[in-house]
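Shown next, in structure tokens, is the structure this report addresses.
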Amino acid sequence: MVGLRGGGETALAMRVEEVFSYRRPLQPFLLNGVGYQAKGGVWVVTLAFQLGAESERSVAGRAYLNPLENEDAVLLQHLALQERFVFVFLNTSLSGGVSQERVWSMEERYRIRLLLSQTGRTVSQRSANTLEFEQAKAEFDARFSLSHLLATRTPTGGAVLPSCRGAVHGAVLE
């Protein structure tokens, strides 16, 4: 996750073997934002994504943000305000790239604000221990596969995850 335009907008940047194939719009363009509170109380915010249908051009994965780290909290706050979401595809040498974007609706921005309020985070708080965050990430990954995060939805679009010890809060952002 990176800041664009002087840091006022959050985007997802990734290196790809061939940038040219990402010049045409990718459909579907799916994002699912999930907040997870681990057993130790540490929060992990995950953006699970899939760009394109199951094909050679399909890109899927998850990006993690630590709402107790100032840089990540700022990126999340921008997601709560921005009107579009951008994926930036860079070649392996970082000398060229293309971007894909989609509208980031008012409802999606609200869901990020709700997620931020659930974490109880303000930018001025102290940072969480990196080891604790990595353990919380591992706990989350052990419980929820990427395919589960992308495929599980309610009719209204909210993510549905099974009951577990950690608190899971999700919103499908598509």
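The values are calculated or read from the model by the stated rules, or taken from the named source; none is laboratory data. Keep in mind that what you see is a predicted model, and the values were worked out from it rather than measured. Please note: Cβ atoms are built from the backbone with ideal geometry, for glycine as well, and neighbour counts cover all protein chains shown.
Filtering the range 89-104 to residues that are of a type in the set (G, A, S) and either surrounded by 15 or more Cβ atoms within 10 Å (Cβ to Cβ) or assigned to a strand (DSSP E or B) (or both) leaves G97, S99. Applying a threshold of 6 Å to beta carbon distances and a minimum spacing of six or more residues, or different chains, the list of pairs starting in the range 17-34 at a residue that is polar (S, T, N, Q) and ending at one that is assigned to a strand (DSSP E or B) reads N32/A48; N32/V172.
N66 passes every criterion in (1) over 22 Å from F140 (Cα atoms); (2) at pLDDT 90 or above; (3) not hydrophobic (A, V, I, L, M, F, W, C) apart from (1).
In the set (1) surrounded by 15 or more Cβ atoms within 10 Å (Cβ to Cβ); (2) at pLDDT below 90; (3) more than 14 Å from the chain's Cα centre (by Cα), E107 fails one condition alone, (1). Residues that are touching a residue at least 40 places away in the same chain (Cβ under 8 Å) and of a type in the set (G, A, S) were ranked within the range 37-82; the one that is surrounded by the most Cβ atoms within 10 Å (Cβ to Cβ) is A48. Is it the case that L81 is among the aliphatic types (A, V, I, L, M), in contact with a Gly (Cβ under 9 Å, 6 or more places away or on another chain), assigned to a helix (DSSP H, G or I) and modelled with pLDDT of 90 or more? In short, no. Out of E9, E18, one residue alone is closer than 21 Å to W104 by Cβ and not basic (K, R). It is E9.
Among the residues of the range 3-30, the ones that are among the aliphatic types (A, V, I, L, M), within 13 Å of V86 (Cα to Cα) and touching a helix residue (DSSP H, G or I) at 6+ places or on another chain (Cβ under 8 Å) come to 1 in all. Taken over the range 123-153, the criterion of being at pLDDT 60 or above, under 15 Å from L68 (Cβ atoms) and not in a helix (DSSP H, G or I) is satisfied by N129 alone. Flag: V34 matches the condition of being crowded, with 22+ Cβ neighbours inside 10 Å and under 20 Å from L114 (Cα atoms).
Screening G6 on (1) over 17 Å from V98 (Cβ atoms); (2) more than 10 Å from the chain's Cα centre (by Cα); (3) in contact (Cβ under 8 Å) with a residue 12 or more places away in the chain shows it passes everything except condition (3).
Just one of (1) over 17 Å from L79 (Cβ atoms); (2) within 17 Å of the chain's Cα centre (by Cα) fails for V34. It is (1). Do we find a residue being in contact with a Gly (Cβ under 6 Å, 6 or more places away or on another chain) and closer than 20 Å to V98 by Cα anywhere in the range 56-69? Yes, the range 56-69 contains a residue that is in contact with a Gly (Cβ under 6 Å, 6 or more places away or on another chain) and closer than 20 Å to V98 by Cα.
Listed by first and then second residue, the pairs linking a residue in the range 94-113 that is farther than 15 Å from P28 by Cβ to a residue that is at pLDDT 85 or above and of a type in the set (D, E, K, R), with Cβ atoms under 6 Å apart and 6 or more places separating them unless they lie on different chains, are W104/E83; W104/R84.
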